[in-house]
Amino acid sequence: MADRDFYSKGIDFDVQGTIIQIEHAKEAVRKEMPTVGIVFDGGVVLIVLKKTERKLVLRDSIQKIFQIDNRIVVSASGLIPDASKLAEQARLDATDYQKTFNESIGIEELAKELGSIMQSHTQCFGVRIFGVSLLVAGVENCQPRLFEIDPDGLVLEYLATSIGGEKNEERIIILENRWHEKITEEEAITLGVDVLIGTLKENPVFTTAEGCVITAKGFKKIPFYEMDKYVEKTIKKIEEEIGKK
């Protein structure tokens with residue numbers, strides 16, 4: 001009865017000034033595997049982790065990276081069906097903008113449109129807040145852009161950031177310490193994998209990584225065998241550091 005009463009109530013503030021449904025949505029993000037976005041000299045790298053505890057699950061069936069058009073990509077952490085729905089809306093918005101104005105939608109404009117949709121779900125009775133955080137990445141006018149959208153609809157632009165999973169603050173600190181303006185694509189991929197694998201609570205054997213690169217030339221998915229090499233290299237470094245202690 002208590003659960004039914006909770007979900008039948010409108011979205012409102014508690015006495016501490018927080019919206020409890022938003023906190024639940026953020027908790028859904030924290031419980032999922034993390035995602036990292038890193039701007040490098042010429043583009044943006046997105047890297048996500050996936051749980052593959054069941055041997056018969058195909059890696060491609062767990063989708064956390066969504067191509068919107070040839071220069072904008074969305075990655076997610078949280079409830080992936082929610083992310084899929086938002087990515088579908090982003091594709092529709094991008095297509096409608098192209099048809100109406102005969103030009104591609106701006107990356108910031110698209111990020112803010114998605115943020116507006118997510119924010120509207122924090123105000124309306126009878127709808128559920130999206131339990132997902134998004135990274136919107138792309139390149140326009142040779143300028144790489146990376147935006148983070150929280151479940152409450154807050155949109156912020158970053159040079160490097162992480163969403164989802166536990167120890168996210170630790171990942172942010174590592175990014176702040178190791179990111180630099182002239183970081184290369186190779187260095188960005190290595191940094192992203194190091195940040196994700198190095199802060200995992202669970203055994204990295206049960207995880208796989210997926211990544212993509214967005215440049216002025218367009219979207220490029222990093223092959224699984226290449227991502228596996230980056231992960232193996234990072235695990236080896238961690239094991240060597242543990243052995244020295």
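For the reader, a short list of remarks on this structure follows.
- For L146, the residues whose modelled amide H falls within less than 5 Å of its own, excluding neighbours fewer than 5 places apart on the same chain, are Y158.
- Two-decimal Rg/Rh across the stretch 31-244, once Rg and the Kirkwood Rh are taken from alpha-carbon atoms: 0.97
- Per-peptide packing, taken as the mean over residues of other Cβ atoms within 10 Å, places 86-95, 143-152, 168-177 in the sequence 143-152, 86-95, 168-177 from highest down.
- Helical segments meeting 18 Å axial Cα length and Kyte-Doolittle 0.0 threshold in the chain (DSSP H): 107-120, 185-198
- Mean separation of Cα contacts under 8 Å, 6 or more apart, over the residue count of the stretch 31-244: relative contact order %: 30 percent
- Ranked by the mean number of other Cβ atoms within 10 Å of their residues, highest first, the peptides 233-239, 54-60 fall in the order 233-239, 54-60.
Only the coordinates and a few stated rules stand behind these numbers; no lab work does. Bear in mind that the values here come from a model prediction, so they are computed numbers and not experimental data. Using ideal geometry, Cβ is built from the backbone for each residue, glycine included, and neighbour counts are taken over all protein chains shown.
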